[in-house]
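Reviewing the structure listed below.
The values are calculated or read from the model by the stated rules, or taken from the named source; none is laboratory data. Source: prediction; values computed, not measured. Neighbour counts run over all protein chains shown; Cβ positions are idealised from the backbone, glycine included. Quick note on the areas: whole protein, heavy atoms, side chains included, nothing else; ligands and nucleic acids left out. Shrake-Rupley method; radii C 1.70, N 1.55, O 1.52, S 1.80 Å.
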Amino acid sequence: AGTSYIVCTPHTGSAFGGTSGFVQHGLTARYVPHAANGTALTTLAMTANRGYFMPFIPMFSAKTFNSLGIEVTTLTAGTAYVAIFDSAIVSGNYRPARRLYQTGALDTGTTGEKSTGSLAITLRAGTLYWIAVTTSSTSTMRGVAVGGMNTLLGHTNATTTLRTHIYATQSGAFGTDASALSYTINTGTCPAPLLIP
């Protein structure tokens, strides 16, 4: 009789294995918020005026992050934005909903890391978020290779190809709510936006 509390932790072989839920990028404290084992970095030629949305679930209640950013590897004149959205179920499917944080315009006309700070980003463990990137240019950015990723949200298509992100037409800064956008599920390399302490 009475009440018992059971504390469960993820098995190391689960889709959300690892100790942090973030992948450290480079030698400095830059975190790519994808699947915990997504350590293979590559590059991705972006499609102009497209919003790329990647789901992630932090394994811990993170310390406050200062900014969001991207790494431009091949320049093309234009601007980019990075944002974090919470999640909602629309017509039975999880999708990005309310915008929580967004950068200012990031210049894609030069190479290197680009970010804007003072966002005071805090994330809750076990909560589904979406990190998104959009750009007005066809610049090439740092990306996450499929071969180094676990399945996102447990979805696969056809046989062994991983569904890595969803995308929608998006011009300029993200709106305050993304739940009504028309999304396409995509496979292959996805952008690797940065969360910066």
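Things worth noting here:
- Whole-percent carbon and sulfur share, accessible surface of region 83-152, 1.4 Å: 45 percent
- Applying 1/(1 + (r/R0)^6) with R0 = 30 Å to the Cβ-Cβ distance of Ala125 and Ser179 gives a FRET efficiency near 0.80.
- Peptides 103-113, 127-137, ordered by how many other C-beta atoms sit within 10 Å of their residues on average, highest first, read 127-137, 103-113.
- Length gained on full extension, Ser4 to Asn93, computed as 0.36 nm times the residue gap minus the Cα-Cα distance: 28.7 nm.
- FRET efficiency, Ser118 to Ala77 (Cβ-Cβ, R0 30 Å, nearest 0.05): 0.70
- Centre separation in Å (Cα based) which lies between region 50-127 and region 163-197: 9 Å
- Peptides 69-81, 90-102 ranked from most to least packed by the mean count of surrounding Cβ atoms within 10 Å: 69-81, 90-102.
- For region 64-119, the equivalent ellipsoid built from the Cα gyration tensor has semi-axes of 27, 14, 8 Å, listed from largest to smallest.
- With θ taken as phi - 60° and the Karplus curve 6.51 cos²θ - 1.76 cosθ + 1.60 applied, the whole-hertz 3J(HN,Hα) list for region 88-95 is 9, 9, 10, 6, x, 10, 6, 7 Hz, x standing for glycine and proline.
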